[in-house]
1. Can you name the helices (runs of 4 or more DSSP H) wholly within region 140-213 that have at least 3 residues being at pLDDT below 95?
2. Among the residues of region 387-434 satisfying the criterion of being in contact with a Lys or Arg (Cβ under 7 Å, 6 or more places away or on another chain) and free of Cβ contacts under 8 Å to residues at least 60 places away in the same chain, which is surrounded by the most Cβ atoms within 10 Å (Cβ to Cβ)?
3. Please go through region 214-234 and pick out each residue that is in a loop (DSSP other than H, G, I, E, B) and either over 31 Å from the mean Cα position of the chain (by Cα) or closer than 15 Å to residue 361 by Cα (or both).
4. State all residues of region 311-325 that are at pLDDT below 95 and not small (Gly, Ala, Ser); if no residue qualifies, say none.
5. Taking residue 80, is it at pLDDT below 90 and under 26 Å from residue 396 (Cα atoms)?
6. Does residue 20 satisfy the condition of being part of a helix (DSSP H, G or I), without any contact (Cβ under 8 Å) to a residue 60 or more places away in the chain and more than 17 Å from residue 156 (Cα to Cα)?
7. Taking into account only those residues within region 435-473 that are within 30 Å of residue 83 (Cβ to Cβ) and touching a strand residue (DSSP E or B) at 6+ places or on another chain (Cβ under 7 Å), which is surrounded by the most Cβ atoms within 10 Å (Cβ to Cβ)?
Amino acid sequence: MPVDGAALAIGPPLLLGLILSLSFERWLRPKPPRSPLPAAALALHAGLWLPWQVVFSLLIGRPWLALVVSLIGTMTLVVVSNAKYRSLREPFTVHDFEYFVDMVRHPRLYLPFLRFTTQTTLASIFMFVALVGAFFFEPWLFTRYATRAILETYGAVSACAALLLVLGDRARLEMSWNALADLETYGLVTSLWCYARESRRAPPPTSPLSGWRWPSEVSARPHLIVVQSESFFDCRRLDSVIRPDVLGEFDRVCTEAAHHGRLRVPAWGANTIRTEFGFLFGLSAEAQGVHKFQPYQRLARQGLPQLVSLLRNSGYHTVCVHPYSLDFYDRKRLFPALGFETLIDVAAFTPRDRAGPYVGDEAVTRVVEKVLADAGARPCFVFVITMENHGPLHLETADPSMLGDFYTGAPPPKHHDLSVYLGHLRHADAMIGRLRETLSSLPRPGCMAWYGDHVPIMPKVYARLDHDDSRTDYVLWSSAERIRATPVAAQERAVEELPLAVLEMLVATAGSAAPV
């Protein structure tokens, strides 16, 4: 059979698939990619898309059916990216591919935020009809044309795609590592390629914790509790109708604190590990470059100095308490490499410890108290990652009888998620009060760092109250400071500034205490 016959059967679906793959990106929100894309971005898009469709065409043997199957992948990325932006104010990045596996293992954390728009619903219906039609009515390609002619045609297309990919890649498109800006400038497929390429070779930055040593003249070692409190922030600034006493214990600790104030964090609504990495490693998002989207994939494994190893090398018993699966973000393998000696996860808790869908802060507090009680002669560094206030909040039910405990008057409109959040927040507030009392009662001096990893996902509440502030709150407290006569003024910080401030607080507390 002639080659041109196979080319006529194969070419139109490939060309239409390329055009539609670019068209589907026009549905990206909040803004679609600019049109036309830069030539290098178009070359990269075509160089990546064509082999994708060629593979499906060869596997299925029906070019039009392969066209529809290939486009399902693009539409899935668009739907997921738009859902991510609605909840987290950030589009899909190449680092998010690992979450497709997590979505299967932990569906409650992801699936409730997916939503089909009218456009994607209609496109899905059309693609389903096309899929069924192509499957039943399109003849198998290899029964119409010689295998050699088919392979030569697809081989020529793949060679052209490889050339486009090389030419586009040589242009070295300048990425800002602002996912939204890069998507608008270069498109989704091109941005994914450039982010993946850079993430494989970006060198690790210089650590601000390099060279830190515990002063030789200080022999005492205070206990240290660090609580990364899920979705914690002072929500009273959302609306004056929220009762001032919902964070009464937090206010009390702030009046005794060495430092407190608002905290700039690199996440909104999720991506806890970005804040977690910033705290443990003391590196800003800007310093991390492309790794800032998921620093645990590569950057955390580069042997950079971080708080855990510094304290372990200073004689601390290092403990992580996280009432969820430590397989999440691969903490089970990563944290021992960082220097954590003891890992306590959800297996240490029972269903009675839940407060809503997750293990409650009260149960986590009991575990921390036991760790300190069993500490013996070694000082403890306990890093706590709470879960109680993890969303999705809209799947929970607010108790109407408790609204009077949260608001001084009528709740604000669309308050459901906020009321659920406040119900959990009071438990976080109780936790900080109990930990303060526990550290104050021990013979060894103690310090506590408490901060929120990000604000909670409450899009309707934020829209109604016109809230657009990603900052959370933090407090650094020492048992040596709690009799302070005058409270310190609030000071805004970035999360990457906290580890050095914590180390300074430990040294100051040790210097004011008798040897233990």
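1. Values: elements: 147-170, 179-186, 188-199.
By residue number, 147-170, 188-199.
2. Restricting to residues being in contact with a Lys or Arg (Cβ under 7 Å, 6 or more places away or on another chain) and free of Cβ contacts under 8 Å to residues at least 60 places away in the same chain, the top hit is 417.
3. Keep residues of region 214-234 that are in a loop (DSSP other than H, G, I, E, B), which gives 214-222, 230-234.
Those that are in a loop (DSSP other than H, G, I, E, B) and either over 31 Å from the mean Cα position of the chain (by Cα) or closer than 15 Å to residue 361 by Cα (or both): 214, 215, 216, 217, 218, 219, 220, 221, 222, 230, 231, 232.
4. 313
5. yes
6. Considered against the rule, which asks whether it is part of a helix (DSSP H, G or I), without any contact (Cβ under 8 Å) to a residue 60 or more places away in the chain and more than 17 Å from residue 156 (Cα to Cα), residue 20 comes out as yes.
7. Once the filter is applied, the top-ranked residue is 453.
For every residue, the table says whether it meets (1) under 14 Å from residue 473 (Cα atoms); (2) touching an Asp or Glu at 6+ places or on another chain (Cβ under 9 Å); (3) not basic (Lys, Arg); (4) not assigned by TED's automatic domain parsing to the domain that holds residue 195.
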{"site": "242", "(1), (2), (3), (4)": "no, no, yes, yes"}
{"site": "265", "(1), (2), (3), (4)": "yes, yes, yes, yes"}
{"site": "275", "(1), (2), (3), (4)": "yes, yes, yes, yes"}
{"site": "281", "(1), (2), (3), (4)": "no, yes, yes, yes"}
{"site": "286", "(1), (2), (3), (4)": "no, no, yes, yes"}
{"site": "304", "(1), (2), (3), (4)": "no, no, yes, yes"}
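The values are calculated or read from the model by the stated rules, or taken from the named source; none is laboratory data. All values derive from a computational prediction rather than experimental measurement. Here the Cβ is made from the backbone with ideal geometry for all residues, glycine too, and neighbour counts use every protein chain on show.
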